[in-house]
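Data block below; observations after.
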Amino acid sequence: MPSNSPAIASIRDLNVHFKRRRRLAEPVRAVDGVDLDIFKGETLAIVGESGSGKTTLVRAIGHLVPITFGSVAFGGTDLENLKRAELRAFRRKVQYVFQDPFESFDRRQSIFQIVSQPLRVHNIGSTRAEIQSRVYEALEECGLEPAHEFAKLFPHQLSGGQRQRVSIASAIVLRPDLLIADEPVSMLDVSVRSEILSLFVRLRESRNMTLVFVTHDLSVAWEVADRIVVMYLGKIVEQGTAHQLIGNPANPYTHALVTAIPVPDPSQRGIDPAVKGDIADIKGIPSGCRFHPRCPYAIEKCSVAVPALAPIQAGHFSACIRNDELDLEPPHHM
Amino acid sequence: MSLVRIDDLSIDYRRAGKTIRAVNELTFSVEEGSIVGLVGESGSGKSTLALSLMGLLPRNGSVTGGSILFEGREMQGLSEDDWRTVRGHDMGMVFQGAMNSLNPVKRVRDQVAETVRTHEPELGKDGSIDRSHELLNLVGIPSDRHEAYPHEWSGGMRQRGGIALALSGRPNFLIADEPVTALDVIVQARILRLLEDLQEALGLTILFITHDLGVVARLCDRVVVMYAAQAVEEGTVEEIFQSPKHPYTKALLGSVPNFAKGRGKSHGISGSPPSLINPPQGCRFHPRCPDAMDICTREDPYQTTFSSSQRAMCHLYDRQEADDAE
C-alpha cells in the first residue's frame, strides 16, 4: 500500500460551484470543501451516486473545470500557476477514459487514426514508423492483438468491450502518470466487465501509473481499488482502504450503500438499508450533516453541526459527529 | 399451476432483407404466485420475449413458432382489441423510465386516474381519482406528493409511479424489465422490497428481467438463464447459485464481484456475446466456453434434466444422462 509514497496530486479545500441560470439563485456546490491526496502508484476509487460531485472532482483534478476556490497541486505545483507550456505537459501526464466508448469516437476514423491522434496533438513521434510502433504497442497492451489488424478496423466493427479497450489504448499511448477512468465499465455486459477491470489493474502495474476510478458501484471499487473515497452531495463522507470501507464501514451512508448491494447468494437475502428517501436535490443542500434527513441514526445535533472527516483507525476516516458512539455491524462476512 | 407457459417459442426480426432470430425455441413456465428471474446479457433475447408476452413486438418482429399460454389461453393470433383488454388488465409491465412517457404538465394523480378509467370506466371521475390515491399509497408515495408533476419526483418515486401505473388495471401478472437498473443501490433495494411486498399482498406473479445476478439472488424463486436467444439453464434460485451446471451460468456467476469471496476473485468470460445474424454452429457458447469439446462446435446440445426443477443444455452432461438411463 503506497500511503507512504509521495502524493502525485494534492487537493486542498477544493470548491467547484456552478452558477445557475436564474440570477440570484444560490450556486450549485458540486464539490464543496474537499481535501484529498492521491498517492503515486495507488488505485483510488471515488464512489458516489449521481449528484455526489465525483465526476466534477476528477474533472477539477485534470484542470477541465474552473475551480471556485481551493487548490489542486500536481507533482507539487499548483495548477493555477502552470505556464502555457507546462499546462501542455500536464495535459499529457493526465489522461481520461470515459463511460461511453461509442460516443467518444469519430466513426469515420480507423482505430489507428483514433489511437494516434493524441500523439499528433502533442507532437510526439517524428516519423510514421515511430507513431506506428507507439500505437501498436498501446493496442497490444490493451489486448487488441494482432495490433496491425485491429488498427485497420473502424469502431462499428468492434464489440463494446473492444471499443472500451481502444479508448484505454488512446489514453495510455501518451504514457500518462495519472489515468482517470470515469465509469469505464458501467455500459458493458457483466461478462465483459471484469476483463476490462483486470486490464486496468495490469496496466497500472506495467505502466507504473496512478489510477483514479470513478464509479457508482462499490463492488467495482472493491475489485480494483487500494483505497476508496465515498462522496455525498459534494463532500467526502468516508475514506479508507478497500478492506476498511467494505468490511467495516463507519459512516451511516457508506454502511447503507454496502448493505444495499445485492450479493449473488440467495442465502444472504434481505437486510434492507434503513435509509429513507432519495439523494436530496443538490440545489437545496440540507443544513448540518447533508445526510441527516435520510440517516436512521440522526440526532437533533446532526441538523446543525457540519461533521468533519475524523480518523477512526490509521488511514480510515469518517465524517459523522457520532463516530465514537455508533458501532455499526459489518454488513458482510468477509 | 403455471400462469404462463412458453413452449418452443421462436421470434424473428427482419432487418434489411435479413432474418435475425432473437428468441430460439424457448420453453419455460411461470408458476402462479412466484417470482421468476430471466437473466441474460445484451442480445440474449430477454427483452424481446417480454415484448412478445405483452403483444408489443415491433412491426418487423413476429412469432414464427411455438406458443404462449396465459391462464391456459393461447395468446398467438389475438386481435388487437383482445390485446387491449389483456394488456394492463391481465398483465402489467414495468420498465426503466416507465414514467418518462407521462405528460409533464399534468399532475401524476390525474394521469394515474386516467389510466384507471381506461380499465374501469364505471368508476367515474371521482372514483378513479380515489383509486389513483389508493394505488400511489400502495407503492409508498407519501400522500402530499400525489398531486406533484412528474418532474418534481425523484428517480425512486418515478419508478414507484411506474409500478402504480402497471397495477392500475389490477393485473395478476407483472413483467418487470430491468426496473431498477438506473437507480442507485439504496433506492434499488427499497424498490425490490416493494415488489416483494406487493407480490405477497396482491398475490402477484412476477417475471423479472435483468442482467444483475445479485438482484436475482435477492428477489427470485426461479431463474431462467438466456444466452444468444436460447435458454441454457433453468432452476430454483438455490440450484442456479449453489450448483450451476451450464458453463455459461458458472462463468456469469464467476464474473460478479462477491465481497465474501475476496478481491480480484471475479473472472470475465473471454470474447463477447455472438451476433444473432450469424450465430456459432453447434452450441452457441462454444467459442467462449472453457469446457468446449469437439462435439460442441458441430452439434446442438440437448437438454439434460438434473432434478424436477433444474435442467441445462450442454454436451458435458450427454454421457451422464446416458449412464443414468442405463
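The values are calculated or read from the model by the stated rules, or taken from the named source; none is laboratory data. All of these numbers come straight from a predicted model, not from anything done at the bench. Glycine gets a Cβ as well: all are built from the backbone with ideal geometry, and neighbour counts include every protein chain shown.
Candidates are the residues of region B:211-246 that are facing chain A (nearest Cβ under 10 Å) and hydroxyl-bearing (Ser, Thr, Tyr); the one that is surrounded by the fewest Cβ atoms within 10 Å (Cβ to Cβ) is B:THR236.
Table: residues versus (1) more than 14 Å from chain A (Cβ to nearest Cβ); (2) within 30 Å of B:ASP12 (Cα to Cα); (3) surrounded by fewer than 21 Cβ atoms within 10 Å (Cβ to Cβ); (4) out of contact with any Phe, Trp or Tyr (no Cβ under 8 Å at 6 or more places or on another chain).
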residue	(1), (2), (3), (4)
B:TYR248	no, yes, no, no
B:LEU253	no, yes, yes, no
B:ARG263	no, no, yes, no
B:ILE269	no, yes, no, no
B:PRO280	yes, yes, yes, yes
B:ASP294	yes, yes, yes, yes
B:THR305	yes, yes, yes, yes
B:MET313	yes, yes, no, no
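In region A:135-163, the qualifying residues are those that are surrounded by fewer than 20 Cβ atoms within 10 Å (Cβ to Cβ) and among the charged types (D, E, K, R), and the one that is nearest to A:GLU103 (Cα to Cα) is A:LYS152. Checking each residue in region A:214-226 for being within 13 Å of another protein chain (Cβ to nearest Cβ) and farther than 23 Å from A:HIS292 by Cα picks out A:THR215, A:SER219, A:VAL220, A:ALA221, A:TRP222, A:GLU223, A:VAL224, A:ALA225, A:ASP226.
The single condition among (1) at pLDDT below 95; (2) over 20 Å from A:ALA221 (Cα atoms); (3) not hydrophobic (A, V, I, L, M, F, W, C) that A:GLY48 does not meet is (2).
Filter region A:193-207 down to the residues that are more than 14 Å from chain B (Cβ to nearest Cβ) and either β-branched (Val, Ile, Thr) or in a helix (DSSP H, G or I) (or both) and list them by number.
A:LEU203, A:SER206
Scanning region B:222-230 for residues that are in contact with a strand residue (DSSP E or B) (Cβ under 7 Å, 6 or more places away or on another chain), part of a helix (DSSP H, G or I) and under 21 Å from B:GLU178 (Cα atoms) turns up nothing. Scanning region B:249-264 for residues that are out of contact with any helix residue (DSSP H, G or I) (no Cβ under 8 Å at 6 or more places or on another chain), charged (D, E, K, R) and either part of a loop (DSSP other than H, G, I, E, B) or within 19 Å of A:TRP222 (Cα to Cα) (or both) gives a single hit, B:LYS261. Looking across region A:204-231, the residues that are of a type outside the set (A, V, I, L, M) and within 14 Å of the chain's Cα centre (by Cα) come down to A:THR210, A:PHE213, A:THR215, A:HIS216, A:ASP217, A:SER219, A:TRP222, A:GLU223, A:ASP226, A:ARG227. Residues in region A:95-126 that are among the basic types (Lys, Arg) and within 14 Å of A:LEU158 (Cα to Cα): A:ARG107, A:ARG108.
For region A:45-55, give me the residue count where each residue is buried (at least 24 other Cβ atoms within 10 Å of the Cβ) and either closer than 20 Å to A:MET209 by Cβ or within 10 Å of the chain's Cα centre (by Cα) (or both). Result for region A:45-55: 5.
Out of region B:126-165, which residues are touching a residue at least 40 places away in the same chain (Cβ under 8 Å) and either more than 14 Å from every other protein chain (Cβ to nearest Cβ) or not in a helix (DSSP H, G or I) (or both)?
Matches in region B:126-165: B:LEU138, B:VAL139, B:GLY140, B:GLU147, B:ALA148, B:TYR149, B:PRO150, B:TRP153, B:GLY162, B:ILE163, B:ALA164, B:LEU165.
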